[in-house]
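Before any comments, here is the structure.
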Amino acid sequence: MTRPAPRRRGRPRAYDPDAALRDARNTFWRNGFAATSLDELAAGMAMNRPSIYAAFGDKRDLYRAAATDYAASSSAWLASAIKTERSLREELTAVYRLARDFYLAGDDGPRGCFLVGTALTESRSDGDVRQIVESTMCAFTATFTKRFERAQREGELAPHAPDALAQIATATLNTLALRARTGAQCELLDGLIEAAVGVICGQKR
């Protein structure tokens, strides 16, 4: 005798995990980890507290998940953006301008970078968050290093330690994020971009 298939208990998920995590990230982004309440997260994610706990764990677990997701997408974006066939100078300028526009965007003012704006504070007391930040910076630097090694092989870049230039390139992204968040105007950020590209590629003759 064939036994009927067991019925599933409970209701299916009524939320999109990716969208919920994005909404949580945006909520943390506005005020930082410490100043963001569970009520604000629940409102931002359109989920009640029990559902948040069941899906993501506690507030810190949710923050770590949001930071990890942001780090992965940021690293993937940079790796893709810097693989064009443009000259190194044109490519760096384009990457920094895209980053500038991203950092200046925001519904309630320039948002900057999620990691620079929120995770640096938490990394002091949370080893997991510290690792997320450090691994992201290392990924950025590795991506820049690979591109600069190619530029040296193709004669675009004077002989120099590519990893040192990559550290400068990564630091420039962080500086743009910080200055955008604190209210720097586009013209100032463009000046920073031009100066950084000049340091890395050499001043135009």
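Key figures
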| item | result |
| --- | --- |
| Any chance residue 81 is in contact with a helix residue (DSSP H, G or I) (Cβ under 8 Å, 6 or more places away or on another chain) and without any contact (Cβ under 8 Å) to a residue 40 or more places away in the chain | yes |
| Single unsatisfied condition, residue 201 versus (1) at pLDDT 95 or above; (2) hydrophobic (A, V, I, L, M, F, W, C); (3) farther than 20 Å from residue 75 by Cβ | (1) |
| Of all residues making up the stretch 62-83, the number that are closer than 23 Å to residue 155 by Cα and either of a type in the set (A, V, I, L, M, F, W, C) or open to solvent by less than 20 Å² (accessible area, probe 1.4 Å) (or both) | 4 |
| Given (1) outside any helix (DSSP H, G or I); (2) open to solvent by less than 70 Å² (accessible area, probe 1.4 Å), index of the condition residue 204 fails | (2) |
| Residue list for the stretch 37-61, restricted to those being surrounded by 13 or more Cβ atoms within 10 Å (Cβ to Cβ), free of Cβ contacts under 8 Å to residues at least 12 places away in the same chain and hydroxyl-bearing (Ser, Thr, Tyr) | 53 |
| Any hit, the stretch 84-92, residues being under 30 Å from residue 148 (Cα atoms), of a type in the set (A, V, I, L, M, F, W, C) and surrounded by 12 or more Cβ atoms within 10 Å (Cβ to Cβ) | yes |
| Number of positions in the stretch 50-85 that are among the charged types (D, E, K, R) and not in a helix (DSSP H, G or I) | 3 |
| Wholly enclosed helices (runs of 4 or more DSSP H) of the stretch 100-195 bearing at least 3 residues buried (at least 19 other Cβ atoms within 10 Å of the Cβ) | 127-153, 162-181 |
| Pairs with Cβ under 9 Å, 6+ apart, first in the stretch 143-158 and free of Cβ contacts under 8 Å to residues at least 40 places away in the same chain and hydroxyl-bearing (Ser, Thr, Tyr), second in a helix (DSSP H, G or I) and exposed (fewer than 15 other Cβ atoms within 10 Å of the Cβ) | 145/163 |
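The values are calculated or read from the model by the stated rules, or taken from the named source; none is laboratory data. Being a predicted model, the structure only gives us computed values, none of them experimental. Note: ideal-geometry Cβ built from the backbone for every residue, glycine included; neighbour counts use all protein chains shown. For the accessible areas, the whole protein counts, side chains as well, though only heavy atoms, and no ligand, DNA or RNA atoms are used. Shrake-Rupley method; radii C 1.70, N 1.55, O 1.52, S 1.80 Å.
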